[in-house]
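Right, one structure below, let's go through it.
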Amino acid sequence: MSATAGEAAVRSAKRSLMGRYLTGASASVAAFALPGPGPTDNVVGLGVGEKVPLNRLTGALAVKVYVRRKYPEADIAPGDRIPDQIDGVPTDIEEVGTIQALTGGCTVARRQRQRPAPCGISVGHLQITAGTIGAVVRDSGATDNGRRYILSNNHVLADANASQVGDAIWQPGPFDGGTAADQIATLTRAVSLNFAGGDNHADAAIAEIAPGTVLDEICAIGPLAGKVTPTRNITVLKHGRTTGLTRGVITDVDADIRVDYREAGVALFVNTVLIRGLPPTTPFSAGGDSGALIVDAGQRACALLFAGSSTTDVTFANPLGTVLRRLRIRLL
Amino acid sequence: MVSKRQTAKRGRTIREAKRGLSRRLLAQPGVSGVGIGEVAGDERIVVYLAEDTPAVRALVPGEADGYPVAVEVIGPVVPRVVADAAPYRPSAAHD
């Protein structure tokens with residue numbers, strides 16, 4: 001292993017790159033426009049991280065250069081190429097796709113009423129505090145007759161089993177000031193949570209959308225490009241009510257966990273997905289992000305966020321395939 | 001080290017070994033989870049602890065069915081809803 005750069009040296013190298021690439025020009029590029037290979041178009045963020053982020057224990061620090069799109073070296077003018085090293089510190093270029101930005105990431109006030117409401121912002125059953133709208137879905141197979149539903153967690157849309165079909169869903173959620181005047185959907189069905197020690201596979205529910213109130217797109221992420229099975233070491237993104245747009249990495253897809261739902265009880269989940277935040281967007285989630293859809297760098301849906309640690313940067317999600325199957329739904 | 005394709009001496013896969021361990025440990029409030037992580041490319045069973053006490057650490061075996069077991073303290077796991085003891089109540093003006 002080569003010599004490891006000290007953290008102070010890495011931060012100084014990052015500052016030097018910041019002046020060179022993040023001059024404000026890239027922020028004005030339309031979110032879904034194809035960026036050119038030059039750095040002012042293409043570089044969307046800088047951070048400090050490990051040169052090989054997936055091998056956490058090797059520990060060599062680098063300046064991370066986040067680009068909208070990775071280009072072959074031959075397509076980039078020699079003067080525009082990002083150097084392999086800056087002041088002796090290695091650089092690591094990572095493609096993050098055509099997202100709007102890396103921190104915060106949206107101009108929508110995500111705890112306030114929005115009409116129409118994009119996915120990725122505050123929502124809640126009338127008896128809860130607040131969670132996040134994950135995605136818009138439809139019934140799978142022959143039952144599909146065009147009805148659109150919002151997908152989120154049971155504990156967001158169905159108050160952890162303490163609800164009835166037809167209950168009102170508010171945007172924003174009650175904690176964010178939502179009232180009966182802010183209804184956007186009615187509870188349709190939920191995967192029942194087992195608080196008696198049996199296995200749970202998904203904390204998920206759907207609610208039928210009142211016409212014209214919810215957009216198909218996820219705030220700062222856009223439309224989905226299909227789905228993908230979650231696997232260890234892939235980079236993922238989510239947009240949620242509390243922490244907005246964040247990036248993380250999946251480090252476990254086999255986690256059996258014990259989740260404390262307070263007065264409702266303790267529920268055991270099998271085969272959940274564990275995500276850790278990637279700098280500069282850590283932690284990956286916080287309270288209120290429940291229900292956010294997790295996507296890969298190609299905007300393919302892969303998991304539904306539902307739990308996490310309140311003391312460390314550890315987030316848990318259910319694999320999307322399990323969620324879709326158990327609710328008998330499909331993505332648009 | 002156990003590589004991805006090998007099965008340990010008892011012939012169980014690492015997933016079966018993890019499941020066996022999680023069935024035993026998840027009844028304990030000091031344990032938040034049992035999963036499979038990767039260290040330098042090698043899979044290993046990971047026990048995620050809710051609290052770091054000698055009593056809880058004593059529950060975790062050094063290996064399960066021949067697979068090494070790592071420990072990580074992550075704290076208790078809770079639903080990611082907004083946690084607030086006194087949630088917002090709609091005022092009369094909104095009714």
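The values are calculated or read from the model by the stated rules, or taken from the named source; none is laboratory data. Source: prediction; values computed, not measured. Neighbour counts are summed over all protein chains in view; Cβ atoms, including those assigned to glycine, are modelled from backbone coordinates with ideal geometry. Note: accessible area is taken over every heavy atom of the protein model, side chains too, but ligands, DNA and RNA are not part of it. Shrake-Rupley method; radii C 1.70, N 1.55, O 1.52, S 1.80 Å.
Within the set of pairs 6 or more residues apart or between chains, which connect a residue that is more than 13 Å from B:ARG24 (Cβ to Cβ) inside region B:49-66 to a residue that is open to solvent by less than 60 Å² (accessible area, probe 1.4 Å) and at pLDDT below 95 with Cβ atoms less than 7 Å apart?
Between residues of region B:49-66 that are more than 13 Å from B:ARG24 (Cβ to Cβ) and residues that are open to solvent by less than 60 Å² (accessible area, probe 1.4 Å) and at pLDDT below 95, the close pairs are B:GLY66/B:ALA8.
Could you run through region B:40-78 and say how many residues are more than 14 Å from B:ILE14 (Cβ to Cβ) and either away from chain A (no Cβ under 14 Å) or touching a Phe, Trp or Tyr at 6+ places or on another chain (Cβ under 6 Å) (or both)?
Residues flagged as more than 14 Å from B:ILE14 (Cβ to Cβ) and either away from chain A (no Cβ under 14 Å) or touching a Phe, Trp or Tyr at 6+ places or on another chain (Cβ under 6 Å) (or both) within region B:40-78 amount to 10.
Go through region A:263-286 and count every residue that is crowded, with 24+ Cβ neighbours inside 10 Å, among the aliphatic types (A, V, I, L, M) and at the interface with another protein chain (Cβ under 8 Å from one of its Cβ atoms). Full working, then the answer.
Just the residues of region A:263-286 that are crowded, with 24+ Cβ neighbours inside 10 Å, to begin with: A:267, A:269, A:272-275, A:278, A:284-285.
Then keep just the ones that are among the aliphatic types (A, V, I, L, M); that gives A:267, A:273-275, A:278.
Narrowing the set further to residues that are at the interface with another protein chain (Cβ under 8 Å from one of its Cβ atoms) leaves A:274.
Selection size over region A:263-286: 1.
What number of residues within region A:111-161 are without any contact (Cβ under 8 Å) to a residue 24 or more places away in the chain, assigned to a helix (DSSP H, G or I) and not hydrophobic (A, V, I, L, M, F, W, C)? Please lay out each step first, then the result.
Step one: list which residues in region A:111-161 are without any contact (Cβ under 8 Å) to a residue 24 or more places away in the chain, which gives A:142, A:145-146.
From what is left, the residues that are assigned to a helix (DSSP H, G or I) are A:142.
Adding the requirement that they be not hydrophobic (A, V, I, L, M, F, W, C) leaves none.
Residues in region A:111-161 being without any contact (Cβ under 8 Å) to a residue 24 or more places away in the chain, assigned to a helix (DSSP H, G or I) and not hydrophobic (A, V, I, L, M, F, W, C): 0 in total.
Go through (1) under 19 Å from A:ALA204 (Cα atoms); (2) at pLDDT 95 or above one by one and return the number of the condition A:LEU332 breaks.
(2)
Quick one: which of A:GLY141, A:GLY197, A:GLY226 is surrounded by fewer than 16 Cβ atoms within 10 Å (Cβ to Cβ), more than 25 Å from A:PHE284 (Cα to Cα) and away from every other protein chain (no Cβ under 11 Å)? Steps first, answer last, please.
Numbers: A:GLY197 fails: away from every other protein chain (no Cβ under 11 Å); A:GLY226 fails: more than 25 Å from A:PHE284 (Cα to Cα).
Residue meeting the stated conditions: A:GLY141.
Could you tell me which residue of region A:174-188 is nearest to A:VAL123 (Cα to Cα), considering only residues that are open to solvent by 30 Å² or more (accessible area, probe 1.4 Å) and β-branched (Val, Ile, Thr)? Give the derivation first.
First, pick out the residues of region A:174-188 that are open to solvent by 30 Å² or more (accessible area, probe 1.4 Å): A:175-176, A:180-181, A:183, A:186, A:188.
In the following step, the residues that additionally are β-branched (Val, Ile, Thr) were identified as A:186, A:188.
Details: A:THR186: 12, A:THR188: 15 Å.
Looking at the filtered set, the residue picked out is A:THR186.
Right, A:ALA301: away from every other protein chain (no Cβ under 11 Å), crowded, with 24+ Cβ neighbours inside 10 Å and more than 23 Å from A:ALA160 (Cα to Cα) or not? I'd like the intermediate steps shown before the answer.
On the way: away from every other protein chain (no Cβ under 11 Å): yes; crowded, with 24+ Cβ neighbours inside 10 Å: yes; more than 23 Å from A:ALA160 (Cα to Cα): yes.
In short, yes.
List the residue pairs whose Cβ atoms are under 7 Å apart, where the first residue sits in region A:203-232 and is farther than 16 Å from A:ALA297 by Cα, the second is charged (D, E, K, R), and the two are 6 or more positions apart or on different chains.
Pairs that qualify, where the first residue is farther than 16 Å from A:ALA297 by Cα and the partner is charged (D, E, K, R), are A:ALA204/A:ARG326; A:ALA205/A:ARG189; A:ILE206/A:ARG189; A:GLU208/A:ARG147; A:ILE209/A:ARG148; A:THR213/A:ARG115.
For region A:297-306, which residues satisfy the criterion of being in a strand (DSSP E or B) and more than 11 Å from the chain's Cα centre (by Cα)?
Across region A:297-306, the qualifying residue is only A:PHE306.
So that you can scan it fast, the table gives a plain yes or no per residue for (1) part of a helix (DSSP H, G or I); (2) closer than 21 Å to B:SER32 by Cβ; (3) modelled with pLDDT under 95:
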{"residue": "A:SER285", "(1), (2), (3)": "no, yes, no"}
{"residue": "A:VAL295", "(1), (2), (3)": "no, no, no"}
{"residue": "A:THR312", "(1), (2), (3)": "no, yes, no"}
{"residue": "A:ALA317", "(1), (2), (3)": "no, yes, no"}
{"residue": "A:GLY321", "(1), (2), (3)": "yes, no, no"}
{"residue": "A:LEU324", "(1), (2), (3)": "yes, no, no"}
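Checking A:VAL249 against (1) facing another protein chain (nearest Cβ under 10 Å); (2) open to solvent by less than 30 Å² (accessible area, probe 1.4 Å); (3) over 26 Å from A:TRP170 (Cα atoms), which test does it fail?
(1)
Looking at A:ASP289, A:ASP260, which one is buried (at least 22 other Cβ atoms within 10 Å of the Cβ) and within 14 Å of chain B (Cβ to nearest Cβ)?
Details: A:ASP260 fails: buried (at least 22 other Cβ atoms within 10 Å of the Cβ).
Matching residue, one of A:ASP289, A:ASP260: A:ASP289.
Given the criteria within 14 Å of another protein chain (Cβ to nearest Cβ) and in contact with a His (Cβ under 6 Å, 6 or more places away or on another chain), does A:THR179 qualify?
Numbers: within 14 Å of another protein chain (Cβ to nearest Cβ): yes; in contact with a His (Cβ under 6 Å, 6 or more places away or on another chain): yes.
Spelling it out, A:THR179 is indeed within 14 Å of another protein chain (Cβ to nearest Cβ) and in contact with a His (Cβ under 6 Å, 6 or more places away or on another chain).
Residues in region A:146-155: is at least one of a type in the set (D, E, K, R) and over 21 Å from A:ASP216 (Cα atoms)? Walk me through how you get there before you give the answer.
Taking region A:146-155 first, the residues of a type in the set (D, E, K, R) are A:147-148.
So of that shortlist, the ones also over 21 Å from A:ASP216 (Cα atoms) come out as none.
Among the residues of region A:146-155, not one is of a type in the set (D, E, K, R) and over 21 Å from A:ASP216 (Cα atoms), which makes the answer no.
For B:TYR48, are the conditions met, namely being surrounded by 19 or more Cβ atoms within 10 Å (Cβ to Cβ) and in contact with a helix residue (DSSP H, G or I) (Cβ under 7 Å, 6 or more places away or on another chain)?
On the way: surrounded by 19 or more Cβ atoms within 10 Å (Cβ to Cβ): yes; in contact with a helix residue (DSSP H, G or I) (Cβ under 7 Å, 6 or more places away or on another chain): no.
The answer is no for B:TYR48.
Restricting to region A:304-314, give me the number of residues that are more than 8 Å from chain B (Cβ to nearest Cβ) and open to solvent by less than 10 Å² (accessible area, probe 1.4 Å).
Residues of region A:304-314 that are more than 8 Å from chain B (Cβ to nearest Cβ), as a first pass: A:304, A:313.
Next, from what is left, pick out any that are open to solvent by less than 10 Å² (accessible area, probe 1.4 Å): A:304.
So the answer is 1.
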